[in-house]
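Trainee: Provided herewith is a single structure, encoded as structure tokens, for subsequent inquiry.
The values are calculated or read from the model by the stated rules, or taken from the named source; none is laboratory data. Predicted model, so just to flag it, every value in this text is computed and none were measured. Neighbour counts run over all protein chains shown; Cβ positions are idealised from the backbone, glycine included.
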Amino acid sequence: MATASVSGSRKNELWRCLGEVNDPELDEPITEMGFVERAEVTSDGSVDIDFRLPTYWCSPNFAFLMLDGVRKALDQLSWSPAYRVKLHDHMFAEEVNRGMEAGKTFGDIFAELAEDQDLGALRETFRMKAFKRRQEAVLRGLRQQGLTDREILEMDLPVYDVAGFEPGEAAKQKPRYRAALLERFPDRRAYDPVFVTWDGERIPPTALTGYLGELRGVRINMEFNGALCRGLKQTRYKELDVVDGEPTLVDFIMDRVPARAAPTA
Amino acid sequence: MFRTPEGKDIFVVDGHTHFWDGSPENQKNIHGKQFIECFYAYHTGLSPKDQLWEKSKFEKYSADDLYRDLFIDGPDDVAIVQSTYLKDFYKNGFNTIERNAEVAKRYPQRFIVNGAFDPRDGEKALEYIHFLKETYDVKGVKMYTAEWNGASKGWKLTDPDAYKCFELCDKLGIRNIHVHKGPTIIPLSKDAFDVHDVDHAATDFQNLNWIVEHCGLPRLDDFCWIATQETNVYGGLAVALPFIHSRPRYFGEVIAELLFWIGPEKILFGSDYAIWTPRWLVEKFWAYQIPEDIAAERGVQLTDEIKEKILGLNAARLYNIDIEAKKKALASSPFSIAAE
């Protein structure tokens, strides 16, 4: 019994840690996007992860950033397990998996694949986009609650923390924006305004509408990727289920698969 | 022709269609297999359920399927059929101009067949452009800057070899350059779908029209910025439009941005057939209104007049289609295809 409960709580901890890893391009947890196909804690405590992206073509750099995030999450597990992470059906899956088996770091593996791309700069770009997307959702949520632009832009962290939202995008992004803000400005003071630009500048109330337009542009691009990725991922998963002679993907999507008949015997 | 619920006839030019062969028999390697699977996933991901195709049909559909889906069941009056060779992925190419010209031959009034070339072929590319003009009298070409060619995984419109090709296009009167700038599918360190090269090429070739397919999504802001500066840059709606079904509010945000920045004269309808079929797209587009809060924030409306421009008038202008003459010609050239 004790073993079962240990393994159950380890599994919970594992998924919780993986849920902290975001797709950098979409700013959504990899677990919600369904990229973690399997995450198991074996009887000796070691961890097995199967990771699958929406398409064979997904950018290797993005794959790297996610796998690197997974690695960091696994390093934080309380029982410090050995782990194995396998990337499936990607144009560079073989190189990545071979490299990992040979004990190379992700950095070494991708340095060979990514040529001159500066991953640090890429990471910074994605951090900026995530900051803006989260900020936009909260700003729009506060406007919808009827707060004036001045009230919103004068808000400090204690006031921000007690603001409540109906379930929805603003509620979802509120803690995530807080995290992004503190990560971006670790030295900020509690009574500094919560809503500033990525460069730390204050936003005058008269400029908020224009500023929101700019943030919307960032989100439109991210949402486009997110929606495509979800669609592609969904399709890919269903295709994996196809077995010769069994209903195909299209049958399932079109609801042509009859309900299973009651056993006759 | 699309007849609106109010009984008005709308002339439709489908700016982006394909007649491909992605079948396993034609696939050269794993990349060919994955490429058509990626397209199929777009199809299943964004189509209404009742519009889904079996995979084998999607991989290779017949000429009759195409005529029916575009012109008989579908609302297209004229379809621009684009060529995408992908000869590194497919034995006979994915949709070459030979294949497209063959399907167009039966109903020449209905098709505009566009060519394609690869500037990395150097002198051969220039010879090929001459061949395209002389053999097919092309009015436009489709550029696929992410296409692989040997060791190269992509190219830019501003490459010196590309400029030589565009100079020749200008000289021969091949005026419409469709550029695939869309979802990231084949990037390595170089992002072949980045839109900034369009800016330079459009400035340097003012006689040419630059139609950015997929509006550069997911780089809509970059695209809007460039298309606002350059009078000869247009946006093709293929891939953006299907969101009208699965995420209508999101489509509203995209079309509002486009109307606000580049205006109603520079947006072109395209189904991207056979990824999507034009009938449901046009029906939904005609019925669509931008959500009020988005329209108010951007100060734009998607009126019937604007829809008519997007569905056909804008493309007709770029391709010198005399709409009244074309309607007469189409009326006297009925279809005969195999019964289903």
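Residues checked against (1) within 24 Å of residue B:269 (Cβ to Cβ); (2) at pLDDT 90 or above; (3) outside any loop (DSSP other than H, G, I, E, B):
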| residue | (1), (2), (3) |
| --- | --- |
| B:182 | yes, no, no |
| B:191 | no, no, no |
| B:211 | yes, yes, yes |
| B:221 | yes, no, yes |
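Trainee: Let me ask you something else. Would a scan of the range A:4-21 turn up a residue that is outside any loop (DSSP other than H, G, I, E, B) and farther than 21 Å from residue A:83 by Cα?
Mentor: There is no residue in the range A:4-21 that is outside any loop (DSSP other than H, G, I, E, B) and farther than 21 Å from residue A:83 by Cα.
Let's see how each residue does on (1) at negative phi; (2) modelled with pLDDT under 85; (3) within 20 Å of the chain's Cα centre (by Cα):
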| position | (1), (2), (3) |
| --- | --- |
| A:70 | yes, no, yes |
| A:79 | yes, no, no |
| A:88 | yes, no, yes |
| A:112 | yes, yes, no |
| A:125 | yes, no, yes |
| A:132 | yes, no, yes |
| A:144 | yes, no, no |
| A:148 | yes, no, no |
| A:153 | yes, no, no |
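Trainee: If a residue counts only when it is closer than 26 Å to residue A:51 by Cα and out of contact with any strand residue (DSSP E or B) (no Cβ under 6 Å at 6 or more places or on another chain), which helices (runs of 4 or more DSSP H) contained entirely in the range A:70-184 have at least 1 such residues?
Mentor: A:93-101, A:106-113, A:119-144, A:169-184
Trainee: Next question, about the same structure. Could you check, for the range B:53-61, whether at least one of its residues is under 30 Å from residue B:317 (Cβ atoms) and either of a type in the set (Val, Ile, Thr) or within 14 Å of chain A (Cβ to nearest Cβ) (or both)?
Mentor: No: the range B:53-61 contains no residue that is under 30 Å from residue B:317 (Cβ atoms) and either of a type in the set (Val, Ile, Thr) or within 14 Å of chain A (Cβ to nearest Cβ) (or both).
Trainee: Out of the residues in the range A:23-41 that are within 14 Å of chain B (Cβ to nearest Cβ) and assigned to a loop (DSSP other than H, G, I, E, B), state the one that is nearest to the chain's Cα centre (by Cα).
Mentor: Looking at the filtered set, the residue picked out is A:27.
Trainee: Follow-up question, since we're still on this one. Show the residue pairs meeting these rules: Cβ distance below 6 Å; 6+ apart or different chains; first residue within the range B:114-143 and over 25 Å from residue B:103 (Cβ atoms) and in a helix (DSSP H, G or I); second residue of a type in the set (Gly, Ala, Ser) and at pLDDT 95 or above.
Mentor: B:119/B:125; B:119/B:162
Trainee: Give me the residue from the range A:26-58 that is closer than 26 Å to residue B:218 by Cα and of a type in the set (S, T, N, Q) and, out of that set, modelled with the lowest pLDDT.
Mentor: A:55
Trainee: Here's something else I'd like to know. Mind checking whether some residue in the range A:203-216 is modelled with pLDDT under 50 and either facing chain B (nearest Cβ under 9 Å) or under 30 Å from residue B:297 (Cα atoms) (or both)?
Mentor: no
Trainee: Something else now. For the range A:42-64, name all the residues that are within 14 Å of another protein chain (Cβ to nearest Cβ) and either in a loop (DSSP other than H, G, I, E, B) or more than 19 Å from residue A:100 (Cβ to Cβ) (or both).
Mentor: Passing the criteria: A:53, A:54, A:55, A:56, A:57, A:58, A:59.
Trainee: What number of residues within the range B:261-289 are acidic (Asp, Glu) and within 16 Å of residue B:217 (Cα to Cα)?
Mentor: Going through the range B:261-289 one residue at a time, the tally reaches 1.
Trainee: Name the one entry in B:235, B:252, B:216, B:270 that is under 17 Å from residue B:13 (Cα atoms), out of contact with any Ser or Thr (no Cβ under 8 Å at 6 or more places or on another chain) and in contact (Cβ under 8 Å) with a residue 24 or more places away in the chain.
Mentor: One residue alone meets the criteria, B:235.
Trainee: Follow-up question, since we're still on this one. Scan the range B:221-257 for residues that are touching a strand residue (DSSP E or B) at 6+ places or on another chain (Cβ under 9 Å) and either within 25 Å of residue B:39 (Cα to Cα) or within 12 Å of chain A (Cβ to nearest Cβ) (or both) and jot them down.
Mentor: Result: B:223, B:224, B:234, B:235, B:236, B:237, B:238, B:239, B:255.
Trainee: What is the residue count in the range B:24-49 for residues that are part of a loop (DSSP other than H, G, I, E, B) and either at the interface with chain A (Cβ under 10 Å from one of its Cβ atoms) or under 22 Å from residue A:226 (Cβ atoms) (or both)?
Mentor: 2
Trainee: On to the next question. Are there any pairs, at least 6 apart or on different chains, whose C-beta atoms fall under 7 Å, with the first in the range A:9-21 and aliphatic (A, V, I, L, M) and the second in a loop (DSSP other than H, G, I, E, B), and if so, which?
Mentor: What qualifies is A:14/A:77; A:18/A:30; A:18/A:31; A:21/A:30.
Trainee: Please return the ranges of helices (runs of 4 or more DSSP H) entirely within the range B:246-340 where 1 or more residues are over 17 Å from residue B:79 (Cα atoms).
Mentor: Correct list: B:248-261, B:278-287, B:292-298, B:304-308.
Trainee: For the range A:30-46, which residues satisfy the criterion of being in contact with an Asp or Glu (Cβ under 7 Å, 6 or more places away or on another chain) and surrounded by fewer than 22 Cβ atoms within 10 Å (Cβ to Cβ)?
Mentor: A:33, A:37, A:38, A:40, A:42
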